[in-house]
2 protein chains.
Amino acid sequence: MPLAMLRLKNLLGGAWSEGQGEGVTLINPATEAVLGTTSSAGLDLVAGLAFARREGGAALRSLSYAGRGKLLAAMAGRIHEHRDELIELAMTNGGNTRSDAKFDIDGAMGTLAHYAELGAALGEVSMLADGESVQLGRAPRLAGRHVHVPRRGVALLINAFNFPAWGFGEKAASALLAGMPVVCKPAPSSAAIAHRLVEVLADVLPAGAVSIVADLEHELPALLGYGDVLSFTGSSRTAARLRALPNVLDASVRLGVEADSLNSAILGADVEAGSETYELFLGDVVREIRQKAGQKCTAIRRIFVPPALRERVREDLVERLARVVVGEPFADGVQMGPLATAQQRASVLEGACRLAEHADVVLGRDGVRPVGVPEGKGYFVPVTLLEARDPGAALLHRLEVFGPVATLFEAPDDVDALVELVARGEGGLVCSTYTDDRKLAGALVHGLAPHHGRLVLGSQKIAGQAMGPGAVLPQLLHGGPGRAGGGEELGGLRGLSLYSQRTALQGDRALLDGLLKG
Amino acid sequence: MPLAMLRLKNLLGGAWSEGQGEGVTLINPATEAVLGTTSSAGLDLVAGLAFARREGGAALRSLSYAGRGKLLAAMAGRIHEHRDELIELAMTNGGNTRSDAKFDIDGAMGTLAHYAELGAALGEVSMLADGESVQLGRAPRLAGRHVHVPRRGVALLINAFNFPAWGFGEKAASALLAGMPVVCKPAPSSAAIAHRLVEVLADVLPAGAVSIVADLEHELPALLGYGDVLSFTGSSRTAARLRALPNVLDASVRLGVEADSLNSAILGADVEAGSETYELFLGDVVREIRQKAGQKCTAIRRIFVPPALRERVREDLVERLARVVVGEPFADGVQMGPLATAQQRASVLEGACRLAEHADVVLGRDGVRPVGVPEGKGYFVPVTLLEARDPGAALLHRLEVFGPVATLFEAPDDVDALVELVARGEGGLVCSTYTDDRKLAGALVHGLAPHHGRLVLGSQKIAGQAMGPGAVLPQLLHGGPGRAGGGEELGGLRGLSLYSQRTALQGDRALLDGLLKG
């Protein structure tokens, strides 16, 4: 796609401006063509953050929850108007197929629209009630009530490269509805999409409500102070570095993290090959490996199947995955694009090799021949399926290979032993189970829930309308314990907690009731 | 009180045992008499934690929420049976007056009883529903639901010296009801109370559900792993050290913190001297300075009064505080005991001196003459009231002097300026306001809520039944942002969150509903 050379501008302090120096080069990962550059060097970050806190914060807090919901609706509307353009940009800058690009852009739009509806339902109030009043004394007059109010700071949103639109939309929807201004720090590799997104949104928002800064030197986190929030999606290694910042250690800054996860899919021993539930399982696994070339925090990395079905599942997966057409996203019939960067490609190839120390490679040994690109160009990797030789090997449960790579395990017959094996992931975002045995489903929920932020219970009854574990829904929590970072995003109004202070009010019941009427 | 020399035993791995070496000496802080020693040197901490996770965890999870509620009720019952003995021990080992000791022991008992009732109300379920089902697809069959389940680990409860009973009861009630076994690490200075408390409780609990270990070398936090929880009450400096532990940085261990707070009391400009609201204010301030000799995380440290009432408030406070009888807790008429340790005394005296760099000492210059103790003995400090010379001085809003010490400020007339001054505390546990002007109360709530975990709205209407800001109620959240540590305890079922994993379930509605029926 012919595009003029891009020079991304930053929106900070209420104005668009270019950074100094060349900064980082934006690349088309399918062709390695240079698309443009991005930098924020020389910008006054301290003043920009102060502007967001002061101007953006005051403007947002002057609105009710319903008023802020209207802003979100307007944002969703702007994305809809620019949908085709954003999709093309995601195909060019992100290496997304059209379907992958829609997944990202429509995800952002849908999440903003959902939070717009939540805001409308909350109405013209300036505090969000948390539960009902409780009587504190012997007489009903003395009451207690919990409320959420906006934190008085700025929310820095550090997004991952894989969902430049949805990742932003998800965090921004919660933060803005909660009443906090946001500063988006996009991942450099897909920054063109994030910057264009903010460009199309900015004119429906008050000044300072949304900013975007390249921050290639990672200076922003250390500039946050009391009342600010840092919402991070990325690797657990970077998350640990953020947790060790002095302003996080002393609790001035509240940190939310969504990090690594080796999500599992579990096929029940009751399921017959070829049944609806079996097909649901197969379809989910294939989609989660292929979609976005496996560059999804919710992608299935570990597949547990009963001994009797192991051969059959392996054959069916190999058959379907081998058919996936890899290549240039604009080329006809392409189902999977490249990885986002050369570095990601190297990391995935190396990771697959490390997994292969404990697992047999059953698909992906022969490399990849992408269609529609010049020989040797593009950050492509093959769809790779491994099969564990040693199911208990720690690495297989710990190393998140962020590409179209998954490992097949033989599941122990005993549910507790299976749960123990899955739990070696030490905390994950999502786990999906496929069974029509209600007792088994119940046992799996009890065993797996402590280790995950979300469980998707696949069964014949919902086979026709199931969404698969990879889709992050605004109604349900996104996040997980341990390795997944311990954060909680989305989940309807639950997502506002990170950006709100929950406060107990104690006093005259009539006074408290009046405050919550707006 | 004549007591045999105590040698505290540790309950770990299901058995009581003494540590090696002398360990730390337990002192009567009023007389400096030696009461005994405590140590856990030589104990196998790793095995003890593993026992708690395995045996205690399994036993607790085998019960429903109602079943665990019954355990809490039995614990409250055991405290009731041993109430007099525990109160005497708190007077001897803790330097508490009888009234202070009751506050601690009854606080523990009341909190356990409250959570017992919450458990009974939840009934025979093994997962705790969080909100209602939501429809995810076009048809109602595909639904989402959030649940809380017990985390699969052990909760280490690190308690402060000031509330050896209540501090334990508060954390343990939430953890045990949530389904997590607990290990209590008491503060050494008041450990005799915590150990005796666990002794009287242990026989109503399954093995491993509650342990207590001196851990004088602070080895336990680093021994925690994936699935464990660390719940800490203490200084913000120690909290920052805990946050920097590798197992916390990598999110294996979930940390809850309740730390420093310079709680404020604010008198409205509408209040007339001598009115009911004025008396409520005075009574709260005097109590919060005197009670437990000011060794309460919720004690009032900063008092903001309108210019017109400043002289009057100063005179009234000096008059009432000067009458407080300080001395040996068992002596007749004593209203305030010593501080807990020689170190606390040195720290409070030094802190008061530092405050005096920015404030005039209006009460407390003449030292203290405690009654009922030998000349020069005991860790007593005078009731100290200061008046800010420079209300904006950072130190006055930052230095928590953990004794009977408070500073009087002239409040700006402008509400925003007043809020800004209070907010220099950068996060606190509780703030109390005293006004009958509803508009002012509303403005204060909106301004102060983002900076506090709890606001107590004093007014004439509740003057007769108000509880004061210092009482931590099980119904309402305890914790606060920023300097207060960012944690959330209590607040009814909200308190279970730290010890639970919240998980979204996605699937067939009938299946989800069935799981939540027990």
Extension gain residue A:139-residue A:124, at 0.36 nm per residue separation less the Cα-Cα distance, in nm?
-> 2.3 nm
Hey, rough spin-label estimate for residue B:50 and residue A:50, points 7 angstrom out along Cα→Cβ, what's it come to in nanometres?
-> 5.6 nm
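Considering only chain B, what is the antiparallel percent among its DSSP beta bridges, to the nearest 5? Walk me through the numbers before you get to the answer.
On the way: 29 of 72 bridges.
Of all bridge pairs located within chain B, approximately 40 percent are antiparallel.
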Between region B:350-395 and region A:437-481, the Cα center-to-center distance that results, in Å | 59 Å
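On average, how much area does the Cα convex hull of region B:336-474 cover when viewed from any direction, in nm²?
Values: hull surface 41.3 nm².
Computed as one quarter of the Cα hull surface, the answer is 10.3 nm².
Which of rounded, prolate, oblate describes region A:249-387, given a ≥ b ≥ c as roots of the alpha-carbon gyration tensor eigenvalues and a/c under 1.5 marking rounded, otherwise prolate only if a/b is larger than b/c?
Working: a/c = 1.74, a/b = 1.08, b/c = 1.61.
Oblate, because a/c is 1.5 or more while a/b does not exceed b/c.
Ratio of alpha-carbon Rg to the 2.2 N^0.38 Å globular estimate for region B:419-470, to two decimals, please.
Numbers: Rg = 11.1 Å, N = 52, 2.2 N^0.38 = 9.9 Å.
Dividing the Cα radius of gyration by 2.2 N^0.38 Å gives 1.12.
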Mean shadow area of region B:20-91 over all directions, Cα convex hull, nm² = 7.0 nm²
Between the DSSP loop rule and a limit of at most 12 other Cβ atoms within 10 Å, which trypsin sites (Lys or Arg not before Pro) in region B:51-149 are left?
-> B:138
Label point distance in nm, residue A:74-residue A:360, each placed 7 Å from Cα along Cα→Cβ = 6.1 nm
Efficiency of FRET between residue A:245 and residue A:315 - r from beta-carbon atoms, R0 51 angstrom, step 0.05 | 0.55
For chain A, what D do you get in µm² per second when you plug the Kirkwood radius from alpha-carbon pairs into Stokes-Einstein at 37 °C and 0.692 mPa s?
-> 138 µm²/s
When the Cα atoms of region B:278-360 are enclosed in a convex hull and the volume is divided per residue, what value in Å³ results?
-> 111 Å³
How compact and how long is region A:367-449, expressed as Rg and Dmax of its alpha-carbon atoms in Å?
-> 17.0, 54
Kirkwood-based shape ratio for the protein assembly as shown, expressed as Rg/Rh from alpha carbons | 0.99
FRET efficiency (residue A:58, residue B:84; Cβ distance; R0 41 Å; to 0.05) is 0.15
Could you give P(r) for region A:210-295, binned at 10 Å from zero, as whole percent values over all Cα-Cα pairs?
-> 14, 31, 20, 17, 13, 5
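What share of Cα pairs, in percent, lie more than 16 angstrom apart in region B:201-257? Walk me through the numbers on the way to the answer.
Working: 801 of 1596 pairs.
Counting every Cα pair in region B:201-257, those more than 16 Å apart make up 50 percent.
Checking the a/c ratio against 1.5 first, then a/b against b/c, what shape does the Cα gyration tensor give for region B:162-266?
Numbers: a/c = 1.59, a/b = 1.15, b/c = 1.39.
Oblate, since a/c reaches 1.5 and b/c is not below a/b.
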Two decimals is fine: what is log10 I(q)/I(0) at q = 0.24 Å⁻¹ for region B:9-51, from a Debye sum with one equal scatterer on every Cα and no solvent?
-> -0.78
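What are the equivalent ellipsoid semi-axes of region A:1-145, built from the alpha-carbon gyration tensor (square roots of five times its eigenvalues), in whole angstrom, biggest first?
Details: eigenvalues 345, 97, 32 Å².
So the three semi-axes of region A:1-145 are 42, 22, 13 Å.
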Hull volume per residue for region A:67-168, using the convex hull of the C-alpha atoms, in Å³ is 129 Å³
Nearest-20 debye value, region B:313-377 charge dipole, Cβ charges on Lys, Arg, Asp, Glu | 120 debye
Between the alpha-carbon centers of region A:35-84 and region B:26-100, tell me the distance in whole angstrom.
-> 52 Å
Chain B, dipole about Cα centre (Lys/Arg Cβ +1, Asp/Glu Cβ -1), debye to the nearest 20 | 1440 debye
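Assign unit charges at the C-beta atoms only (+1 for Lys and Arg, -1 for Asp and Glu), then state the dipole size of region B:80-168 relative to its Cα centre in Debye, rounded to the nearest 20.
On the way: 8 positive and 11 negative charges, 152 e Å.
Charge dipole of region B:80-168: 720 debye, to the nearest 20.
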Per the helix-only calculation at 222 nm, which mean residue ellipticity applies to the protein assembly as shown, given -39500 (n - 2.57) for every DSSP H run of n ≥ 4 and division by its residues, nearest 500 deg cm²/dmol?
-> -10500 deg cm²/dmol
For residue A:185, the lysines lying under 18 Å Cα to Cα, once residues fewer than eight places off in the same chain are dropped, come out as A:9, A:171
Cα-based equivalent ellipsoid of region A:311-397: semi-axis lengths in Å, sorted from largest, via gyration tensor | 25, 17, 9
Have a look at A:65, A:79, A:339 and report the one farthest towards the positive end of the charge dipole of chain A, computed about the Cα centre with Cβ charges (Lys/Arg +1, Asp/Glu -1).
-> A:65
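For the pair residue B:222 and residue A:394, what calculated FRET efficiency results from E = 1/(1 + (r/R0)^6), where r is the Cβ-Cβ distance and R0 = 22 Å, to the nearest 0.05?
On the way: r = 21 Å, r/R0 = 0.94.
Rounded to the nearest 0.05, the efficiency is 0.60.
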Hey, rough spin-label estimate for residue B:438 and residue A:443, points 7 angstrom out along Cα→Cβ, what's it come to in nanometres?
-> 6.0 nm
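Where a number appears in this text, it was derived from the coordinates with a stated rule and is not lab data. Computed from a predicted model, the values in this text were never measured in an experiment. Here Cβ is always computed from backbone atoms with ideal geometry, including for glycine, and neighbour counts include all displayed protein chains.
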